[in-house]
Structures are given as structure tokens and as C-alpha cells.
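What follows is a short report on a single structure.
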Amino acid sequence: MTVLVTGARGMLGRDVVDVLEDAGHAVRALGRDALDVTDPVAVGRAVRDVQAVVNCAAWTAVDDAETAERAAFAVNATGAQLLARAARAEGAPILHISTDYVFDGTAEVPYPEDAALAPRSAYGRTKAAGEWAVRAEHPEHWVLRTAWLYGAHGRCFPRTIASLAADRDELQVVADQVGQPTWTRDVARLVAAVLERRPPPGAYHATSSGQASWHDLATAVVAAAGSTARVLPTSSDAYPRPAPRPAWSVLGHERWHEVGIPPIGDWADRWREAAPVVLGG
């Protein structure tokens with residue numbers, strides 16, 4: 001199968017390309033330098049003669065989006081719309097990557113796949129609009145929401161923490177935000193499984209199982225790095241940011257069980273497997 005992967009040079013996109021190629025697919029891998037997803041003519045050319053589209057292209061600068069929402073909307077919503085429209089015209093399904101930021105982050109139990117969208121940031125609003133556009137444009141679609149991503153290809157929280165721990169005796173890390181640390185390689189494997197199994201259209205949650213705070217993850221990272229640095233808990237108030245962060249980013253995985261595709265395993269187990277790859281990359 002020939003698969004177009006947009007955003008193919010990003011942390012997630014690179015793993016998606018690798019996993020799909022390992023599975024024997026012919027991948028048309030286009031980064032933002034090769035494809036402007038806001039250009040309908042360019043999108044139409046890129047989608048020609050493919051059997052599936054995986055949209056990893058996104059404006060992910062969460063804080064910058066607060067003052068550049070129009071630019072973020074162009075990529076996250078209009079770009080998603082154009083890709084879905086072109087994919088439908090080509091007769092190819094589209095798999096679109098979304099985010100936990102489409103929720104308000106105030107829940108106390110995992111968000112189900114059909115939970116109401118209530119974004120609190122510009123980034124979240126543009127990603128929610130992208131989900132709506134994909135649903136509206138193409139009946140054969142899958143929206144995979146993910147969160148707290150880390151990987152070997154680019155900057156991410158574990159690599160930053162490991163670098164800081166190498167130079168400091170003590171780190172202060174937020175303990176009042178809870179989510180599901182997720183390896184990009186695991187998300188890429190779910191992408192491949194969806195393209196192979198073709199489950200019913202709709203939203204699925206591509207995050208690790210279990211839950212952790214940033215402090216929990218940092219503690220695990222420091223241990224994996226062999227550092228003796230102390231990791232002390234602190235609150236989000238210590239690190240004010242332009243965009244509000246969800247305090248609760250734990251997503252449910254019921255739909256995977258319904259369609260017979262195993263969800264990603266517990267975050268701590270997955271981190272132990274990922275750590276040598278991520279920290280050694």
C-alpha cells in the first residue's frame with residue numbers, strides 16, 4: 001500500500017514512516033519543507049495515487065499559538081480539511097493525529113473517546129477544529145488523539161530532563177499535571193495496525209495505559225539515565241505559561257478493546273523499553 005505521511009520529519013512522523021516501511025508499505029514521506037498543507041493544489045498533488053493518508057502535520061508550538069491562532073488554525077484545521085477532502089476524492093482513507101488538548105483537563109476519570117470537546121487554549125481550539133473538519137470532509141477517517149509524546153527524533157521531555165540531570169544536583173518538576181507518557185514508536189505501531197485492520201471510523205486514544213505526573217516521569221528518566229540528581233515536586237504555578245496546560249490528560253482506551261486492537265501498555269513498562277532508544281538517540 002502506498003501511504004502519504006505528512007509531517008514526516010517530526011518526532012512522531014519519523015517513527016510512523018519507519019514503522020510503515022518496516023511493514024512493507026511504500027511511504028511518500030513529506031515534511032513541511034516539501035508540502036504546505038494549507039496549499040490545496042500542493043495537497044492534491046501529494047495525495048494523488050496513494051491508498052491512505054496519515055496526517056502528522058501540525059502546529060505544535062502551544063504557547064506561540066496564543067498570539068498566532070490564525071497561523072495555527074491554518075495548519076491544524078484548514079490543512080487537515082484540505083487533506084481529508086483530497087483523500088476522499090482519491091478514494092483513500094485518512095488517519096489524523098490529534099491531542100489531549102481538545103479536552104478541558106478538569107476530569108477525574110479517563111476521558112472516553114466520545115467525551116465532549118472543550119479546549120481551553122488556542123492550540124486546543126485549532127486541533128478540535130481539525131478533528132471536526134476531518135469528520136465533516138471524509139466518512140472513512142480515524143482520529144488518533146495522543147499526548148505527552150516522547151521519542152528519539154527531536155526534543156522531548158525525557159531528553160531535556162536527562163540533559164539537566166547531568167549538570168545539576170536537583171531538579172524541580174511539576175507534580176500537579178497528570179497524563180500518560182507515550183512513546184512515539186508505540187503510536188506509530190497503532191497507526192500501522194489501524195491501516196491494516198481498518199476498524200470503524202471515529203476517534204481512538206493513542207496513549208499509554210496508566211497515569212503519571214511530570215514528576216513521576218522525570219523520576220523515571222533520571223533513574224534510567226543513571227543520574228544521582230534529586231527530583232523534587234513543585235506546582236504548575238511555579239512555571240506560568242501563556243497557554244493553560246490540562247491538569248488531567250488521562251484518556252480512555254475502550255474503543256481499542258471493542259475493535260480487537262490492543263491499546264498501548266502501561267507507561268512505566270513502555271518507558272523502560274523506550275529509555276535506551278530515546279536517551280541514547
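For the reader, a short list of remarks on this structure follows.
Yes/no per residue for (1) under 23 Å from ARG120 (Cβ atoms); (2) among the small types (Gly, Ala, Ser); (3) out of contact with any Lys or Arg (no Cβ under 9 Å at 6 or more places or on another chain):
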position: GLU196; (1), (2), (3): no, no, yes
position: GLY202; (1), (2), (3): no, yes, no
position: SER209; (1), (2), (3): no, yes, no
position: ALA229; (1), (2), (3): no, yes, no
position: LEU232; (1), (2), (3): no, no, yes
position: VAL250; (1), (2), (3): yes, no, yes
position: HIS257; (1), (2), (3): no, no, yes
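- Checked against the criterion of being on the phi > 0 side of the Ramachandran plot and of a type outside the set (Ser, Thr, Tyr), the candidates GLY130, GLY79, GLY91 yield just one match: GLY91.
- Take the conditions (1) in contact (Cβ under 8 Å) with a residue 12 or more places away in the chain; (2) surrounded by fewer than 21 Cβ atoms within 10 Å (Cβ to Cβ); (3) on the phi > 0 side of the Ramachandran plot; GLY105 misses just one of them, which is (2).
- Being touching a residue at least 12 places away in the same chain (Cβ under 8 Å) and part of a strand (DSSP E or B) is a property that does not hold for LEU195.
- Pick from the stretch 21-39, criterion in contact (Cβ under 8 Å) with a residue 40 or more places away in the chain and either part of a helix (DSSP H, G or I) or of a type in the set (A, V, I, L, M, F, W, C) (or both), ranking: surrounded by the fewest Cβ atoms within 10 Å (Cβ to Cβ): ALA23
- Checked against the criterion of being in a strand (DSSP E or B), crowded, with 17+ Cβ neighbours inside 10 Å and not polar (S, T, N, Q), the stretch 228-237 has at least one qualifying residue.
- Members of the stretch 88-99 found to be charged (D, E, K, R) and surrounded by 24 or more Cβ atoms within 10 Å (Cβ to Cβ), listed by number: none
- The single residue among VAL53, VAL75, VAL47, VAL134 that is touching a strand residue (DSSP E or B) at 6+ places or on another chain (Cβ under 7 Å), buried (at least 21 other Cβ atoms within 10 Å of the Cβ) and more than 27 Å from PRO263 (Cα to Cα) turns out to be VAL47.
- Residues satisfying the stated conditions in the stretch 89-141, i.e. within 16 Å of GLY202 (Cβ to Cβ), over 16 Å from the mean Cα position of the chain (by Cα) and part of a loop (DSSP other than H, G, I, E, B): PRO93, PRO112, ASP114, ALA115, ALA116, LEU117, HIS138, PRO139, GLU140
- Within the stretch 68-88, residues that are free of Cβ contacts under 8 Å to residues at least 40 places away in the same chain and more than 17 Å from ALA243 (Cβ to Cβ) sit with their Cβ atoms under 8 Å from residues that are surrounded by fewer than 24 Cβ atoms within 10 Å (Cβ to Cβ) and polar (S, T, N, Q), at 6+ positions apart or across chains, in these pairs: ALA74/THR38.
Residue-wise test of (1) in a helix (DSSP H, G or I); (2) aromatic (Phe, Trp, Tyr); (3) in contact with a Pro (Cβ under 9 Å, 6 or more places away or on another chain); (4) closer than 25 Å to TRP148 by Cα.
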site	(1), (2), (3), (4)
LEU4	no, no, no, yes
ALA8	no, no, no, yes
VAL19	yes, no, no, yes
GLY44	yes, no, no, no
ALA87	yes, no, yes, no
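Where a number appears in this text, it was derived from the coordinates with a stated rule and is not lab data. Predicted model, so just to flag it, every value in this text is computed and none were measured. Here Cβ is always computed from backbone atoms with ideal geometry, including for glycine, and neighbour counts include all displayed protein chains.
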